[in-house]
Amino acid sequence: MGRQIEPRAAQRPRAASLERLRSTYHRTPLRTRLLAGLGIVLAAAVVAVLTQLSVWATVTGTVLLLALFTAFMHSAGALATAVVCVGWTVVAHTLMSIPLHGQPALLLIPLLPLPVALVAARISAFPVWHTTLVTLLGGLIVGFGLALAHMTIPAVPASLGVAGMVLGAAVTLLWRWVAARQLTKELDRYRQEGRAAAAAGPAVPAAQRARARGGKGSAGKGEVAAEEPIPVTEALAQLESMIGLEPVKQQVRAIAAAIEAARLRADAGYSVDRPLRHFVFSGPPGTGKTSVARTLATIFHSFGLLPTARVVEASRADLVGEYLGATAIKTNELVDRALGGVLFIDEAYSLVNEGDGQPDRFGNEAVQTLLKRAEDDRDRLVIILAGYEAEMDRFLASNPGLASRFATRISFPSYTADELRRIAESFFARRGDRLDEAAAAELAERMEQVVQRGVVDELGNGRFARSLVEKAAEARDVRVVTRESSGKRPDPEELVTVRAADIVAAYEALTARLPGFTPPPDITEALAELDAMVGLEPVKRQVRAIAAQLRMARLREGQGLRVPAPMRHFVFVGPPGTGKTTVARILGRVFAALGLLTRADVVEASRADLVGEHLGATAIKTNQLVDRALGGVLFIDEAYSLVNPGYSGGDAFGSEAVQTLLKRAEDDRDRLVIVLAGYPEDMDRFLHSNAGLASRFTVRVAFPSYTPQELIEIAERTAAQTGDSFDEGARADMERVFSYVCESGWIDELGNGRFARSLFEKACSYRDLRVAENLGERASAADLTTITSADLRAAYTELTQR
């Protein structure tokens, strides 16, 4: 699928944050989670004691909140079930306390929801939370009624109310189970009826089936040979067997239930409309949209609403003709071919292509024809428009008819790392291959990487998992055959065993085209480059400490220990020319070497790169800059200029940039390092201007000015790189120059290391001029590479002129 990739932060910031949170939660070992939960409960108890609150109530509330959070980390359905259980417990205990005040039987009430929810999870025909709610309410009604009877008839034991509650819940669960079985039988019976009615029309009242058909292109083309339908339960079972996609499964189950309810109302003699509808499938590629379209076609066919379960797949090229007028003919022919089944149009948003600023007349003609046929043939055709979420939003907004006729939307989420791992393992199993222990661990780690780096959509989700399996099997075959060619016959088990090296080879082959997936830098080399810098001893110590903290955090994580969030954003303070940008690059290499960043690139920026020409444009410009830096380091020099107190009424543009930057610093903290640099006093004022800055940029690295000896070393190293040198007189003059500018406090204004390099470069220019004028072609190698005192003094005079 070709498209212009928009920044993920702009497309799905909330969804991405939730996925990262859930991924982090499931990646954390169970023991660590339990210890963390216990620590939170103990902390809550201590706070309750200190504040003289009820310890029992505080601990109970904390445990309930932790339970709800745990449920939410699994799925929205689990959270709904947990909320039902907690809410019912509170209500039931409150009501039952009226007739059973002080009775020990009240302690049994909180024990009921858990087994009810576990049993409800086994009844897959209905949502778990709904079955749990109905069951608990049934039990509460029976139990509360019996408990009230004790108040009027003392002979009735008080504890009978709790026993009645359990019995009522059991009876309700049994009824729910029977209803699920009955629904299955009804669907099977209806399948038999649907065979006879499949060719003639839907299983709805005869008066509705006999309605005359009209509309262009429908005459004589509606006779579709009926196919043998499969049971709805089998179609839904195919859907349930798909990995992930829980929100999609719930929505498809609801559609099937609505169709069954319409059938039952029709059988009872009520007038109902055909429950056919058109759909919008939105989501990234490789998330099973085509597979779910086939499942929907099977469901509609099983209910007798469509004569076939055929799915006709199409794209823009299948609808748009080569000239105006041909598009309508081509689109009508495509719809005629799909009549009686499902028409699935992938990348439907490409039908409205206004990239060149001109209306897309061909695409609009296809849309208008499609809308007419969607209305005229709505009883014999289901149309599904599929594509990326943001693009489909724009497409639907481009024509009011689209939004009204395609009102049912199913959103497909990206796969999580665990789901991608399970998909890949299922592909391996289908091939008859097996993973050794190291390969299974490598597979899980690689899937975690693509999700954390935010490229799972670009790689194609499930398609990436399939491609990884194929590439890994290919790498395994090459490895085994190469070994055989060396004279050693491979073990039969080796022919079907995938090793960790095969997973790595496949992963690197598939991600090589993506930026930031090159081999990570070596942390030892990065720190060696830091040590090779002249001076900056306090900076070197601090950067080494940061690197050590990051390495230890990674070791702790590997051993299942609690790991504090790594420091991500920094403030570099110091005069210009003291190596701040160079150290930022080294820091990026350290983060990349430890896997905390996908690339070691540094994007340098200043106020002009963040601030727009009008309010509103600044946020866009800042977001684009951050998007460009994602995966690496964003270095903002003279960051204090974003808050300019000299503006009357405040610096609205700079404040907008700061607010946007703070939000992205938090939202993208797992894939971005931001470094704010500037003079110490100005940076202090800048950080104090906004509480969010001080809280998010907590690590401060101070860069001192260079000493005269360090400046001499910088100049001599710069000269050595090009094979040049200073004679004794020039070196003595250089010592005097650097001592003077440092003692007079002039070195910061001159630029520290930049001044040393500029002095050498200017001296080279004067040396070349002197040699050309005095020696010309007679110049020796020493003449061409030696800088004299006169050269140096002339360079100093030029650089310090005011």
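Based on this model, can you work out whether residue 564 counts as within 26 Å of residue 538 (Cα to Cα), without any contact (Cβ under 8 Å) to a residue 24 or more places away in the chain, of a type outside the set (A, V, I, L, M) and not in a helix (DSSP H, G or I)?
The answer is yes for residue 564.
Does segment 743-802 hold any residues that are buried (at least 19 other Cβ atoms within 10 Å of the Cβ) and of a type in the set (Phe, Trp, Tyr), and which are they?
755, 760, 766, 796
Scan segment 759-796 residue by residue and report those that are out of contact with any Ser or Thr (no Cβ under 9 Å at 6 or more places or on another chain) and within 17 Å of residue 735 (Cβ to Cβ).
759, 788, 789, 790, 792, 793, 796
Taking only segment 574-601 into account, find how many residues are in contact with a strand residue (DSSP E or B) (Cβ under 9 Å, 6 or more places away or on another chain), surrounded by fewer than 21 Cβ atoms within 10 Å (Cβ to Cβ) and β-branched (Val, Ile, Thr).
Number satisfying all stated conditions: 1.
Would you point out which residue out of 281, 300 is in a helix (DSSP H, G or I) and crowded, with 18+ Cβ neighbours inside 10 Å?
Step by step, each of 281, 300 is checked, and only 300 is in a helix (DSSP H, G or I) and crowded, with 18+ Cβ neighbours inside 10 Å.
Can you tell me which residue within segment 7-52, out of those that are assigned to a helix (DSSP H, G or I) and among the hydroxyl-bearing types (Ser, Thr, Tyr), is modelled with the lowest pLDDT?
Going through the qualifying residues, I end up with 17.
Filter segment 122-151 down to the residues that are free of Cβ contacts under 8 Å to residues at least 24 places away in the same chain and among the hydrophobic types (A, V, I, L, M, F, W, C) and list them by number.
146, 149
Which of the residues spanning segment 709-724 are open to solvent by less than 40 Å² (accessible area, probe 1.4 Å) and not acidic (Asp, Glu)?
Answer for segment 709-724, where residues must be open to solvent by less than 40 Å² (accessible area, probe 1.4 Å) and not acidic (Asp, Glu): 711, 712, 714, 715, 718, 719.
Does at least one position in segment 206-223 carry a residue that is surrounded by 13 or more Cβ atoms within 10 Å (Cβ to Cβ) and modelled with pLDDT of 50 or more?
no
Can you tell me how many residues within segment 706-752 are more than 55 Å from the chain's Cα centre (by Cα) and basic (Lys, Arg)?
2
Where the second residue is surrounded by 12 or more Cβ atoms within 10 Å (Cβ to Cβ) and the first is under 16 Å from residue 794 (Cα atoms) and lies in segment 769-782, which pairs have Cβ atoms under 6 Å and are six or more apart or on separate chains?
771/779; 771/783
Read through the list (1) over 17 Å from the mean Cα position of the chain (by Cα); (2) under 28 Å from residue 344 (Cβ atoms), then give the number of the only condition that residue 442 fails.
Unmet condition: (2).
When residues of segment 268-290 are filtered for being under 22 Å from residue 395 (Cβ atoms) and small (Gly, Ala, Ser), how many remain?
4
Out of the helices (runs of 4 or more DSSP H) lying entirely within segment 376-460, which hold 3 or more residues that are over 30 Å from residue 594 (Cα atoms) and of a type in the set (D, E, K, R)?
Where helices (runs of 4 or more DSSP H) fall fully within segment 376-460 and carry at least 3 residues being over 30 Å from residue 594 (Cα atoms) and of a type in the set (D, E, K, R), they are 389-397.
Can you tell me which residue is farthest from the chain's Cα centre (by Cα) among those in segment 673-697 that are surrounded by fewer than 22 Cβ atoms within 10 Å (Cβ to Cβ) and part of a loop (DSSP other than H, G, I, E, B)?
Ranking the qualifying residues of segment 673-697, first place goes to 679.
Are there any helices (runs of 4 or more DSSP H) wholly within segment 698-802 with 3 or more residues that are basic (Lys, Arg), and if so which?
So the answer is 753-774.
Listed here are the residues, each with its yes/no results for (1) in a helix (DSSP H, G or I); (2) within 13 Å of residue 674 (Cα to Cα).
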position	(1), (2)
568	no, yes
575	no, no
578	no, no
582	yes, no
589	yes, no
598	no, no
603	no, yes
608	yes, no
615	no, no
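Restricting to segment 106-137, and then to whatever is of a type outside the set (A, V, I, L, M, F, W, C) and surrounded by 20 or more Cβ atoms within 10 Å (Cβ to Cβ), can you tell me which residue is farthest from residue 93 (Cα to Cα)?
Looking at residues that are of a type outside the set (A, V, I, L, M, F, W, C) and surrounded by 20 or more Cβ atoms within 10 Å (Cβ to Cβ), I get 131.
List the number of the failed condition for residue 263; all other conditions in (1) open to solvent by 40 Å² or more (accessible area, probe 1.4 Å); (2) under 17 Å from residue 231 (Cα atoms); (3) charged (D, E, K, R) hold.
So residue 263 meets the others, but not (1).
Can you tell me how many residues in segment 711-752 are basic (Lys, Arg) and within 20 Å of residue 536 (Cβ to Cβ)?
1
Quick one: which of 425, 389 is without any contact (Cβ under 8 Å) to a residue 40 or more places away in the chain, of a type in the set (D, E, K, R) and open to solvent by 40 Å² or more (accessible area, probe 1.4 Å)?
425
Does segment 684-698 hold any residues that are among the small types (Gly, Ala, Ser) and within 14 Å of residue 636 (Cβ to Cβ), and which are they?
Hits for segment 684-698: nothing passes.
Given the criterion open to solvent by 40 Å² or more (accessible area, probe 1.4 Å), in contact (Cβ under 8 Å) with a residue 60 or more places away in the chain and not acidic (Asp, Glu), identify the matching residue among 291, 271.
From the options 291, 271, the qualifying one is 271.
Within segment 69-76, can one find any residue that is closer than 30 Å to residue 35 by Cα, among the β-branched types (Val, Ile, Thr) and buried (at least 18 other Cβ atoms within 10 Å of the Cβ)?
No: zero hits.
Restricting attention to segment 311-345, report how many residues are open to solvent by 10 Å² or more (accessible area, probe 1.4 Å) and in contact (Cβ under 8 Å) with a residue 60 or more places away in the chain.
The number of residues fulfilling the criteria is 2.
Within segment 602-633, work out how many residues are over 15 Å from residue 570 (Cβ atoms), more than 20 Å from the chain's Cα centre (by Cα), open to solvent by 40 Å² or more (accessible area, probe 1.4 Å) and at pLDDT 85 or above.
Total meeting the criteria: 6.
The values are calculated or read from the model by the stated rules, or taken from the named source; none is laboratory data. All values derive from a computational prediction rather than experimental measurement. With ideal geometry, Cβ positions are generated from the backbone for all residues, glycine too; neighbour counts draw on all protein chains shown. What goes into the accessible areas is simple: the full protein's heavy atoms, side chains included, and nothing from ligands, DNA or RNA. Shrake-Rupley method; radii C 1.70, N 1.55, O 1.52, S 1.80 Å.
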